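S.K.: Next up is a structure, given as structure tokens.
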Amino acid sequence: MAYASDYGYGGRIDALYDEEIGSRMSGGHYLDATGAALYWNSQAKAYAADLTAHVFGNPHSANPPSLLTEARVAEARRGVLALFGVSEETHELVLTRSGTGALNLLADAFPWSANSTFAYTLSNHNSVLGIRSVAGARGAAHGAVSEEGVEAWLAGDAPEPEFLPCADGGAGACKGGAAAQVSDDVSDGASDAPSAPSSLFAFPAKDNYNGQLFPLSWVARAQAKSTSRRTWRVLVDAAAYVPTSPLNLTEVPADFVIMSFYKLFGLPTGVGALIARREAAADLRKTYWGGGAIFLATAALDWHAYRGLPDRLEDGTLPFLDIVALHEGLRTGTRTRCVPTARARLRGLRHANGAALVRLFGRHGDADAARVQGATLTFLLLDPRGEPYSYRAAAAELAAAGVYVRSGCTCNPGSCYGGLGLRDEEIRRLAEAKHHNWTNWEWIQVTRPSPSDPAKTVDVTLPLGALRASLGAMSRYEDVEALAEYLERHYVDRAPDGAAVNAVALAQPDQC
Ligand SMILES: Cc1ncc(COP(=O)(O)O)c(C=O)c1O
């Protein structure tokens, strides 16, 4: 179906889809590209052919199968760096188990000290939020910053951004508890400890919940806040961004970038990456060590020596058969970066009384939406009175009708709860009241100022998540149209759900 000329590989999308996804989808409409990309049939076949044509051995041996693996791993490293416009001359590629694995590694290896700060924006995935526990345990301060807070910090003279309260009734960043425990195990490839204590500023290039895009110019501007007393390193979480937009690290000098390959081209799963500027990588010191990444170790004497970067940051034997699969993925993943958007179609859905059916989150309404909003449609369905329908029931109904979306908060509590108007304490209180029982986790009753008389309060029931239709390289307008058609047919002028707190109990709880 030709809806527009600005996407679709020069009109080839339909033929390409039939060839590369085809009957596997059984007529379904996949709208969960940020969850995982669709791998191509040709990619899977070429991978299978590669495995059946060769013997790949453990890369730490020195026989032909192992040398073949070593060569393929080296080729994959070069290919991934080339995808980001850089090479091993300037950047290290550390292969990890996942995007979360890359963040876990960075958290562990970052040179935290009692003079460090971990500053992160509210819109981060919880895999980035988890860094704060490590930073805090090593004595560093940590705190969340609003988007406006970042802009004010970068535009002003303050050495640190203004932090949002990190504890009930508190103000500002949380101070770390323990003394600094920066490892002094300086081995091959690692520099001496950095002269100025390092702090880390983290933001996602694209919000995985609502698809908002953040200014990559923040990277250089935050680095420019460094002084002789503190080095600001910048982490860009590109896991949700790179599947739909190229990222050139010669233009964006991020110290650390993390990503996940299954989000980029579907196959393999189980491999992620930490891409680090060499200068920043040299400051990283991992606590645990082991496996073939170690060149020598002694059993009784507490001593070991690493092979060098990047092995110094990798543990044991890499998932080498998965890494072999990167070859084909890189071929497809670099070809496909144009995605349709269909915000107007969803926003046009109205009940007979004129009320909008769809409340979209993110920056779809901005005048410059093309610049600040990615191809993700995160939304609630509203009844004719403006009250939300059950998002979990809607997700289940859509799935039964062959339209596959995600529901919940998609592991991004800052964007999700913030967009829904919920406060962190309210979420915690509800979880405690329910004794951390996550079944029926869909609604929360909270007190808000009355719309008719702000001096008074009213109890309102709000949803704890939304629906996310995320588009990727193999999304078609038909997929968004199938969603819109279903909503038009089954939700426009549908009767309200009734008492939201008693809404449908679904067997499967949402995943974060
Ligand atoms: C923005 C973002 N960061 C990090 C992750 C974690 O990646 P992984 O699933 O590979 O651990 C995700 C996964 O959804 C993500 O969307």
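The values are calculated or read from the model by the stated rules, or taken from the named source; none is laboratory data. What you see is a predicted model, and the numbers here were worked out from it, not measured in a lab. Cβ coordinates were reconstructed from backbone atoms using ideal geometry, including for glycine residues, and neighbour counts include every protein chain displayed.
S.K.: Given the conditions (1) more than 25 Å from the chain's Cα centre (by Cα); (2) surrounded by fewer than 12 Cβ atoms within 10 Å (Cβ to Cβ); (3) among the basic types (Lys, Arg), report the number of the one that Arg428 does not fulfil.
M.R.: Here Arg428 clears every test but (1).
S.K.: Being within 16 Å of the ligand (Cβ to nearest atom) and closer than 24 Å to Gly329 by Cβ, is that true of even one residue in the range 105-118?
M.R.: Yes - at least one qualifying residue is present in the range 105-118.
S.K.: Applying the selection to the range 292-314, what residues are surrounded by 13 or more Cβ atoms within 10 Å (Cβ to Cβ) and farther than 18 Å from Ala273 by Cα?
M.R.: Gly292, Ile294, Phe295, Ala297, His304, Ala305, Tyr306, Arg307
S.K.: I would also like to ask the following. Here are the criteria: (1) under 30 Å from Gly365 (Cβ atoms); (2) touching a helix residue (DSSP H, G or I) at 6+ places or on another chain (Cβ under 9 Å). Tell me which single one Leu200 does not satisfy.
M.R.: (1) is the only condition that Leu200 fails.
S.K.: Applying the selection to the range 431-446, what residues are among the hydrophobic types (A, V, I, L, M, F, W, C) and loosely packed, with under 11 Cβ neighbours inside 10 Å?
M.R.: Ala433, the sole residue that qualifies.
Residues are listed down the side, and each one gets a yes or a no for (1) surrounded by 20 or more Cβ atoms within 10 Å (Cβ to Cβ); (2) more than 20 Å from Phe295 (Cα to Cα):
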position: Ala53; (1), (2): no, yes
position: Asn58; (1), (2): no, no
position: Thr69; (1), (2): yes, no
position: Arg72; (1), (2): yes, yes
position: Gly79; (1), (2): no, yes
position: Glu88; (1), (2): no, yes
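S.K.: Of the residues that make up the range 315-331, is at least one in contact (Cβ under 8 Å) with a residue 24 or more places away in the chain, farther than 30 Å from Gly272 by Cβ, of a type in the set (A, V, I, L, M, F, W, C) and surrounded by 18 or more Cβ atoms within 10 Å (Cβ to Cβ)?
M.R.: no
S.K.: Moving to a separate point now. Filter the range 128-143 down to the residues that are within 16 Å of the ligand (Cβ to nearest atom) and either at positive phi or buried (at least 23 other Cβ atoms within 10 Å of the Cβ) (or both) and list them by number.
M.R.: Those that are within 16 Å of the ligand (Cβ to nearest atom) and either at positive phi or buried (at least 23 other Cβ atoms within 10 Å of the Cβ) (or both): Val128, Ile131, Arg132.
S.K.: Next question, about the same structure. Can you tell me which residue in the range 261-273 is nearest to the ligand (Cβ to nearest atom), limited to those that are part of a loop (DSSP other than H, G, I, E, B) and of a type in the set (A, V, I, L, M, F, W, C)?
M.R.: Val271
S.K.: Which one is farthest from Pro159 (Cα to Cα), of the residues in the range 111-126 that are of a type in the set (A, V, I, L, M) and touching a strand residue (DSSP E or B) at 6+ places or on another chain (Cβ under 6 Å)?
M.R.: Leu122
S.K.: Another question, then. Return the total of residues in the range 63-76 being free of Cβ contacts under 8 Å to residues at least 40 places away in the same chain and of a type in the set (D, E, K, R).
M.R.: Of the residues in the range 63-76, 1 are free of Cβ contacts under 8 Å to residues at least 40 places away in the same chain and of a type in the set (D, E, K, R).
S.K.: Could you list all residues from the range 339-390 that are crowded, with 17+ Cβ neighbours inside 10 Å and at positive phi?
M.R.: Across the range 339-390, the qualifying residue is only Gly362.
S.K.: Something else now. Surrounded by 21 or more Cβ atoms within 10 Å (Cβ to Cβ), within 16 Å of the ligand (Cβ to nearest atom) and in a helix (DSSP H, G or I): is that true of Leu93 in this structure?
M.R.: Here the answer is no, as Leu93 does not meet what is asked.
S.K.: Now for a different question. Checking the structure you have, find out if any residue of the range 247-260 is out of contact with any helix residue (DSSP H, G or I) (no Cβ under 7 Å at 6 or more places or on another chain), outside any strand (DSSP E or B) and at pLDDT below 95. Give the steps one after another, and end with the answer.
M.R.: Initially, the range 247-260 is screened for residues out of contact with any helix residue (DSSP H, G or I) (no Cβ under 7 Å at 6 or more places or on another chain), giving 247-251, 257.
Those still in the list that are outside any strand (DSSP E or B) too: 247-251.
So of that shortlist, the ones also at pLDDT below 95 come out as none.
Among the residues of the range 247-260, not one is out of contact with any helix residue (DSSP H, G or I) (no Cβ under 7 Å at 6 or more places or on another chain), outside any strand (DSSP E or B) and at pLDDT below 95, which makes the answer no.
S.K.: Going through Ala102, Ala107, Ala36, Ala46 one at a time, which residue ends up being closer than 30 Å to Thr231 by Cα and in contact with a helix residue (DSSP H, G or I) (Cβ under 6 Å, 6 or more places away or on another chain)?
M.R.: The conditions single out Ala107.
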